[in-house]
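Read through the structure below, which is laid out as structure tokens, and then see the notes.
The values are calculated or read from the model by the stated rules, or taken from the named source; none is laboratory data. From a predicted model like this one, the values you see are computed outputs, not experimental measurements. Note that we place each Cβ from the backbone using ideal geometry, even for glycine, and neighbour counts take in every protein chain shown. To get the accessible areas, we keep the full protein, side chains included, count just its heavy atoms, and leave off ligands, DNA and RNA. Shrake-Rupley method; radii C 1.70, N 1.55, O 1.52, S 1.80 Å.
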Amino acid sequence: MTTTARVKVAVTAAGFTSFALLYAPQAVLPQLAQQYHLDPGGASLAVSVATGALAISVLPIAALSEVVGRRAVILTSVIVSAVLGLLLPLIPSYSLMLVLRAIQGVAIAGFPGVATAYLVERLGKVGVAAAVGAMIAGNSIGGMTGRLATGFTAGPFGWRGALYVVAGISLVCAIVTVVTLPPSHRAAEEPRQHVRDVCVGVLHAVRKPVLLAQYAVALLAMGSFVALYNAAGFRLTGELHLSEALASLVFLAYALGSVSSALASRLCARVGRRRAILGALLAMAVGGALTIPDSVLLFALGFVLLTCSFFATHAIANSWAAAEAPENARGQTGGLYTLLYYLGSSIGGAVGAVIYGTAGWAWLIVAVAVWLTLAAVAVGAGTAVRARPRELAHS
């Protein structure tokens, strides 16, 4: 197996582990709400607490990777998060479960906060787009498998048994990462950064308008995506009268999402990053709108479009941020992108569940449309600032 192939296998397995564990409770939110007498907003904390802890931790962990190395951080992340996944079903109360989910979120932060910087260092800017696509494909497959596994096994085994199943699969994938992930080139060729260098790198990572635009996309697109997926189970099992197993089939859309993320680089090569990401954001909004009627078929079609366009958006924004990152701020750029990405997941997921619980599905779609519009405006503004010097140079 070539080094590039080993890298792709390792980051795909690590992405599977991280996302399967992070979002496994999403498929059983209605069951958690029933057992602990929670409303949709309270139940959604099982997801939002973990993603919020991840968001808070990702930048310090990315900075730590500048000192101890990317590979060590990634390997620690996948092993610890999988072990915590095995402990989660043993927790007797919901409040303690939230505490352990927060700790698990911190552990998971080591992979997404460092992975893109690792790929740039290992494969270079030329090869990073395809590798990021493979990594995000692993993320989407992990997210899909985690949700489907809990959705289908919660019936016969209960939600605790369902979480055990996901944790066991994730531990196997974590071991694959340990075996296959090669060291970063930086470990041998570049000196470690000091604390001052890391802080300076953070400042460099927020100076480019084009990078600020990608951070905004990460925050708003991910918030929209998780808001709809957190509320989907309640709508499908409540208003559309599906069983938990049938409702979990909506997560099959992740399979097509993995394809769209891998194809995003080709779309960028054909129409350019700016047009590609704006088109993907528009497609997300259209997908959300399709789910408003009380039709299972339209709901399924809408979620397929939403999921495919979201993963394309994420792949474009993530690789764009990696390619534009200053040389001395790769880790900080990846960390900031991931921080905003999971902050969007935490805030958007919680706020979306509250909107759904108080105002209904249609108003949640309206809120999501507003968030996606703001993301598109950020892209337009960030790239316009960058393009202006080129226009002046040709005038």
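Observations on the model:
- Here each label is just a point 7 Å from Cα along the line to Cβ, and for Ser243 and Arg266 those points are 3.8 nm apart.
- Per residue accessible area of the chain, 1.4 Å probe, in Å²: 38
- Accessible surface of the chain, 1.4 Å probe, proportion on carbon and sulfur as whole %: 71
- Modelled this way, with points 7 Å down the Cα-to-C-beta line, the labels at Ala359 and Leu374 are 1.3 nm from one another.
- Simple point charges give the picture: +1 on the Cβ of Lys and Arg, -1 on the Cβ of Asp and Glu, and for the chain a dipole about the Cα centre of about 960 debye.
- Distance (nanometres) between label positions extended 7 Å along Cα→Cβ at Ile91 and Arg207: 4.2
- Positive-end extreme of charge dipole, the chain - chosen from Thr358, Leu249, Leu123 (charges on Cβ): Leu123
- Computed per residue of the chain from DSSP H runs no shorter than four, each worth -39500 (n - 2.57), the mean residue ellipticity at 222 nm is -29500 deg cm²/dmol.
- Intensity falloff of the range 1-143 expressed as log10 I(q)/I(0), Debye formula with alpha-carbon point scatterers, at q = 0.09 Å⁻¹: -0.29
- Kyte-Doolittle at least 0.5, axis length at least 18 Å by Cα - qualifying DSSP helices, the chain: 3-23, 45-68, 70-87, 94-108, 115-180, 209-237, 253-271, 273-290, 296-324, 330-359, 361-393
- Projecting the Cα positions of Gly52, Gly143, Asn328 onto the charge dipole of the chain (unit charges on Cβ atoms of Lys, Arg, Asp and Glu, taken about the Cα centre) puts Asn328 furthest along the positive direction.
- For the pair Leu298 and Leu252 in one chain, pulling the backbone fully straight at 0.36 nm per residue adds 15.1 nm over the alpha carbon distance.
- For Ile347, Ile277, Ile355, the ranking by accessible surface with the largest value first comes to Ile347, Ile355, Ile277, using a 1.4 Å probe.
- Part-to-part distance (alpha-carbon centres) for the range 53-96 and the range 319-333, which is given in Å: 23
- Take the Kirkwood radius over Cα pairs of the chain, plug it into Stokes-Einstein at 10 °C and 1.306 mPa s, and you get 77 µm²/s for translational diffusion.
- Protection proxy ranking of 359-371, 92-104, 306-318 - average other beta-carbon atoms within 10 Å, highest first: 306-318, 359-371, 92-104
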